[in-house]
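Have a look at the structure below, then the notes.
Values in this text are rule-based calculations from the coordinates and carry no lab data. Predicted model only: the values in this text are computed from it and were never measured. Here the Cβ positions follow ideal geometry from the backbone for every residue, glycine too, while neighbour counts run over all protein chains shown.
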Amino acid sequence: MADKMDLLDVEVWDGNMAASQAMRQAQIDVVAAYPITPSTPVVENYAGFLANGYIDGEFVMVESEHAAMSGCIGAAAAGGRVATATSSQGFDLMVETLYQASGMRLPIILNVVNRALAAPLNVNGDHSDMYLGRDSGWIQFNAYNAQDAYDLNLIAFRVAEDHKVRLPAMIHQDGFMTSHTAEGVLTLSDDDAYNFIGDYKPMNAMLDFEKPATYGVQTEEDWHFEHKARQHNDLMTKVNPVIQEVFDAFEKETGRKFDFVTNHNLDDADVAIVAMGTTVDTAMLVADQLREEGKKVGVLGLRVIRPFPFEKLAAALSNVKAVCCMDRSAPGGTVGMLYNEICGAMYNSANHPVITGYVYGLGGRDMTVEYLKGIFADGEANAAAGKPTTPLQQFIGVRGPKLNFL
Amino acid sequence: MFEIRWHSRAGQGAVTGAKGLAEVVSTTGKHVQAFAFYGSAKRGAAMTAYNRVSDKRIINHEKFMSPEYILIIDPALIHTADFTAHEKENTKYIITSHLNKEDVIKSQPKLEGKEVYVVDCMSIAMDTIGRAIPNTPMLGALMKISGMYEIDFFKESMINVLRKFPQKIIDANIDAIQRAYDQVN
């Protein structure tokens, strides 16, 4: 029986430690992992907890991230609670197995500590790896800080393992900006955290010999489409009600409220910044400063990236006149994902704000208060003009002459 | 909100120092951040670490900072690092050096006219801890100059922060904190 850990009500943890502690409290059966910066401490801390008697489960050291996720898939199919962590190139290498995990409907929890993708090699935070995973059929939760990384881990286990869902889930946090920034994190006791997640209830476990089950079968033209359609149907219709239920239960337990989108003063705002990760927090700070100057600005944070909350997002933006979409990933010859998705969400809604896109922060480049003030100023000009006053795509914070497209 | 920037070499304990300070501050009900710029820095490479302290929840995640205190825990960095970057008019400098304040300022004219304090954290660390890890003595000096906390309260808190270490190491660090508190000027 694992020892309990006495936690302070507020612990000074970085995002990695916050994720590790939530994983410990979940009492996972199998963690198969391969270390990569900046997510290494997630599994390093976890292995330390296990070595010190705080965890009963297995920790499997493997030879690559492909093997790590493969090990997780095997253990999840066998009928256990399973999780791991990765970043960047490790996530790249996992991609094949990510689709296996979601296609087999295995509720694995993956902490993705977001980092740039090589080349050129870079260990710092941006959202390139997160964007790479967005069609993989996983649920994707987005943390803005270490507190979120802790809370969303607890939430993700309960959502993913619900028998109405049975899909894997990622919790994204910004490399270094969240993962290596220590801050105060409000904790749950080990018992409260575990009871919130609940016991793991296996479904079609391979190790249940009374009810033999097969995972990862071949389906050609005869059945493949039906499987994928059913998975998509569940993502579109069954996952969000469970997420809402778990968000509500979490608020009841802790007082901390989550929603599919974070609506910060949007109801009477003319201008909205839409962002993910730490930029949501910093943008809220800037929006509050601008409000004091009488400027009607707000922020929308995307908390649940997949399934994409189209209706909730369109509702939150139903009164704004201009939207500035902030993508922390190089779109490789098109507009950023957020720009695209926001346009898609707004096109058939009653409100048609001016929508512009920004690419920023690649390879850990700082997103500063000053840059955000400039972006809000662009939005105000667009709102006043009723049309874009800038190119549709601007690069923010890159050296050299100003870079704009479209 | 007040902000601190540490100039250090990787391996000298600036990150541990920043996190230790954050743990103490957190127990007093204030909000904190402690972070660093690493890159792929190897031991000995110049690096910076940061603290933010506030009565309100800190939601600013920009790395940019105009600090109230700049702590330099490696003596050579005042000659190689851009340690005055984004300073304020009233930014206070606490510098590790075996030289006295006059000679430190003479050796780095950028410091002229600034509020400079000097303490030999390196020698203190060698004499107490026995290793060149000048992070905890710098915290003792910071307590003296900033008046953030009473030194006895701070030492008690640091005993708790260091609780994982053997008693001998805890005692040495507390001794180092007190010595730097007494010697900084």
Surpassing 28 Å at the alpha-carbon level, of the pairs B:Lys56/B:Lys92; A:Lys387/B:Lys63; B:Lys56/B:Lys101, are A:Lys387/B:Lys63; B:Lys56/B:Lys101
How much of the DSSP beta bridge set in chain A is antiparallel, as a percent to the nearest 5?
25 percent
Taking every residue of B:16-26, the Cβ atoms of other protein chains inside 10 Å of its Cβ average out to 3
What relative contact order, as a whole-number percentage, does the stretch A:311-406 give when Cα pairs under 8 Å and 6 or more residues apart are counted?
29 percent
Please give the FRET efficiency for A:Asn351 paired with A:Glu226, using the beta carbon to beta carbon distance and R0 = 41 Å, rounded to the nearest 0.05.
0.65
Normalised by the residues of chain B, what does the relative contact order come to in percent, with Cα pairs under 8 Å and at least six apart?
21 percent
Please tell me the relative contact order of chain A in percent, rounded to the nearest whole number, where contacts are Cα pairs under 8 Å and at least six residues apart.
15 percent
Extending each Cα 7 Å along its Cβ direction at A:Phe395 and A:Asp208, get the distance between those two points in nm, one decimal.
5.4 nm
The stretch A:340-406: spread of alpha-carbon positions along the three principal axes, whole Å, largest first, is 38, 24, 22
If you split all Cα-Cα distances of the stretch A:10-254 into 10 Å bins from zero, what percentages do you get per bin, shortest first?
8, 34, 39, 17, 3, 0
At q = 0.20, 0.21 Å⁻¹, what log₁₀ I(q)/I(0) does the stretch A:106-207 have when each alpha carbon counts as one equal point scatterer in the Debye sum?
-1.04, -1.09
Given q = 0.16, 0.18, 0.23, 0.29 Å⁻¹, what are the Debye log10 I(q)/I(0) values for the stretch B:72-131, with equal point scatterers placed on the Cα positions and solvent ignored?
-0.50, -0.62, -0.93, -1.32
With angles folded into 0 to 90 degrees, how steeply does helix A:15-26 sit against the dominant principal axis of chain A? Use alpha carbons for both and round to 10.
40 degrees
Let me test this: with uniform point scatterers at the alpha carbons of the stretch A:270-406, what is the Debye-based log₁₀ I(q)/I(0) at q = 0.13, 0.15, 0.20 1/Å?
-0.49, -0.67, -1.26
Expressed as a whole number of Å, what is the distance separating the alpha-carbon centroids of the stretch B:1-61 and the stretch B:160-184?
19 Å
Residues of the stretch A:353-376 with backbone nitrogen within less than 17 Å of a virtual label 7 Å along the Cα-to-Cβ line of A:Glu293, please, listed as ranges.
A:368-376
Alpha carbon convex hull of the stretch B:2-183, projected area averaged over orientations, nm²
10.0 nm²
Could you pull out the pairs from B:Lys88/B:Lys144; A:Lys373/A:Lys402; A:Lys164/A:Lys257; A:Lys4/A:Lys164; B:Lys42/B:Lys155 whose alpha carbons sit more than 27 Å apart here?
A:Lys4/A:Lys164; B:Lys42/B:Lys155
Does anyone have the angle between helix A:65-78 and the longest principal axis of chain A? Alpha-carbon axes, 0 to 90°, nearest 10?
60 degrees
Please sort through the DSSP H helices of chain B and keep those with an alpha-carbon extent of at least 18 Å along the long axis and a Kyte-Doolittle average not below -0.5.
B:14-27
Roughly how far apart, in whole Å, are the Cα centres of the stretch A:77-140 and the stretch A:251-300?
27 Å
Using the Kirkwood radius over Cα pairs of the stretch A:6-75, the Stokes-Einstein translational diffusion coefficient at 25 °C and 0.890 mPa s, in µm²/s and rounded to a whole number, is 195 µm²/s
For the protein assembly as shown, just run the numbers: alpha carbon Rg, then divide by 2.2 N^0.38 Å, N being how many residues it has.
1.01
Taking other Cβ within 10 Å of each residue's Cβ, how do A:Glu161, B:Glu102, B:Glu23 sort, fewest first?
B:Glu102, B:Glu23, A:Glu161
Radius of gyration, Dmax [the stretch A:186-273; alpha carbons; angstrom]
19.9, 61
For helix A:337-347, what angle does its Cα long axis make with the longest principal axis of chain A, in degrees from 0 to 90 and rounded to 10?
70 degrees
Hydrodynamic radius (Kirkwood) for the stretch A:19-147, which is based on Cα pairs only, to one decimal in Å
14.6 Å
Estimated dipole of the stretch A:1-132 in Debye, rounded to 20 [Cβ of Lys and Arg +1, of Asp and Glu -1, Cα centre]:
260 debye
5 Å is the cut-off here: which amide hydrogens, built 1.01 Å from N in the peptide plane, fall below it relative to A:Ile108, excluding neighbours closer than 5 in sequence?
A:Ala169
Which of A:Val242, A:Met61, A:Gln173, positive extreme of dipole for the stretch A:10-254 (C-beta unit charges)
A:Val242
